[in-house]
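Report on the following structure.
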Amino acid sequence: MGNDLRPHAPPAGTDQVLVVLSDVEMGAGGPADDFPHSDWLADLLLSYDEPPFAGLPVDIVLNGDIVDLFKTPFEGRYPHHVTPRVALGKLEQIAAAHPRFFSAIQELLAHRGAERRVHFVTGNHDAELAFPEIQTDLRRRCGGSERLCFAGFELDLGRVHVEHGSQRDPMFAVDAARPIIEYRGEQLLNLSWGAVTLLDTVMELQPQLAFLDRVMPKTAVFELMPEAKELLTELFWNYWTRDYWRGFFGSDDPARRLTWTMVKEVVWRFGTKEPDVAMDKTLRDRLTHGDDIMLCILGHQHQPAWWSYGDRKLLQAGCLRNEYMLVDEGRELRPIPKCYAEAYLRRGTPLRSHLVEIAGPPAPAGYLPESFFDLLPPVLDLLTATERSRQATPEQREPDADEGEELV
Ligand SMILES: [Mn+2]
């Protein structure tokens, strides 16, 4: 009917609605939290209990990096040995800062008009979802429903394939068959080398550098604030030439498997964040040559994208966390719209799917710096401290000839 002339409403015959959102990166509150908006997110989720969705089955897919356990400290530190106790301690802080997110899921799952399910897909900021203890704790916080599902790294619903995308990113991919390992009698998260490097280097500067991490494009950030680039270079270089080799790890430590090439790759990614690596070829080939999957939905890159082949499609959702575009020579920080995906299905086959762009709510008072250049003083302080510590400690290891090259 008239319904079909509205491209964003479910067409006649729809018997399942998928809502796929990712990269919320809810933190422990305060200025380091990338998403101080759980009331807004709760309203967004609960809007799917309203018309035109009220009478339709809805699957909400939380497609990775929803709770930012990765960037949340535990007892003031960022250990690269993440045990269930550490993971639970991190989740506790996030839950305390975002009560409405958990109560909204509980409320959504209690909807009477039609079935509701909520799926957690694992990303690289919430790899802790692999721990049964974390799943139990999350389920309890969301009201204990069995219709809260933990999909692991990917989820297939009918002919729709959903995954976060970090498993196709060499820096953040983990061994899906062994997400948890045992070390000295403890269960440890089997972290990616990208995660270990970041935890060991820049993560403890999160309170000072969190806002800088939200600013795009990185090339403009480093052009207008070369001190930030210098600081990152110093931090990674010190880590590699000094900390990494100074008994920072035990010789049998599973976190110790870095090479200089890996560390350099992490820094390079910091500087460019190429959106080109976005569209994974394996998935495009699968969509091109097979007909089993008609729609793939990814996240992770924080850059919305749409690729199609006939009636088959790959949607890359953007992020929900706060990000800002640096424009006018640094004089303006313009909020980047948030972006997620919707798909309307009939008997498992997509009838229609699209990306939804939506402006976030205003930032809380004091969250946005008055100017981009307000971010400079803490960077200068950290740079001075880092250079001083480097001079105070003789380097333990001579770099190879090609290792002195510029990092970022
Ligand atoms: Mn990610």
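FYI, it's all coordinate maths here, none of it is from the lab. Quick caveat, the model's predicted, so the values are computed rather than measured. Note that each Cβ is placed from the backbone with ideal geometry, even for glycine, and that neighbours are counted across all protein chains shown.
Here are some notes:
- Filtering the range 306-323 to residues that are within 15 Å of the ligand (Cβ to nearest atom), assigned to a strand (DSSP E or B) and either on the phi > 0 side of the Ramachandran plot or surrounded by fewer than 24 Cβ atoms within 10 Å (Cβ to Cβ) (or both) leaves nothing.
- The range 324-335, subset free of Cβ contacts under 8 Å to residues at least 24 places away in the same chain and part of a strand (DSSP E or B), residue nearest to Leu287 (Cα to Cα): Arg334
- Identity of the residue in the range 159-170, surrounded by 18 or more Cβ atoms within 10 Å (Cβ to Cβ) and farther than 21 Å from Asp292 by Cβ, that ends up farthest from the ligand (Cβ to nearest atom): Asp169
- Filter result for Gly123 (surrounded by fewer than 16 Cβ atoms within 10 Å (Cβ to Cβ) and not polar (S, T, N, Q)): no
- Residue in the range 40-49 that is closer than 16 Å to Tyr344 by Cβ and either in contact (Cβ under 8 Å) with a residue 12 or more places away in the chain or not in a helix (DSSP H, G or I) (or both) present: yes
- Number of the exception - Thr219 against (1) out of contact with any Phe, Trp or Tyr (no Cβ under 9 Å at 6 or more places or on another chain); (2) crowded, with 20+ Cβ neighbours inside 10 Å: (2)
- Subset of the range 70-129 [in a loop (DSSP other than H, G, I, E, B) and more than 19 Å from the chain's Cα centre (by Cα)]: Glu75, Gly76, His81, Thr83, Ala110, His111, Arg112, Gly113, Ala114, Glu115
- Failed item in (1) out of contact with any Pro (no Cβ under 7 Å at 6 or more places or on another chain); (2) more than 16 Å from the ligand (Cβ to nearest atom); (3) touching a residue at least 40 places away in the same chain (Cβ under 8 Å), with Leu21 passing the rest: (2)
- Residues located in the range 130-158, provided they are at negative phi, within 16 Å of the ligand (Cβ to nearest atom) and part of a strand (DSSP E or B): Ala151, Glu154, Leu155
- Residue pairs meeting the criteria (Cβ under 8 Å; at least 6 apart or on separate chains; first closer than 13 Å to Val24 by Cβ and touching a residue at least 12 places away in the same chain (Cβ under 8 Å), in the range 119-136; second among the basic types (Lys, Arg) and within 14 Å of the ligand (Cβ to nearest atom)): His125/Lys71
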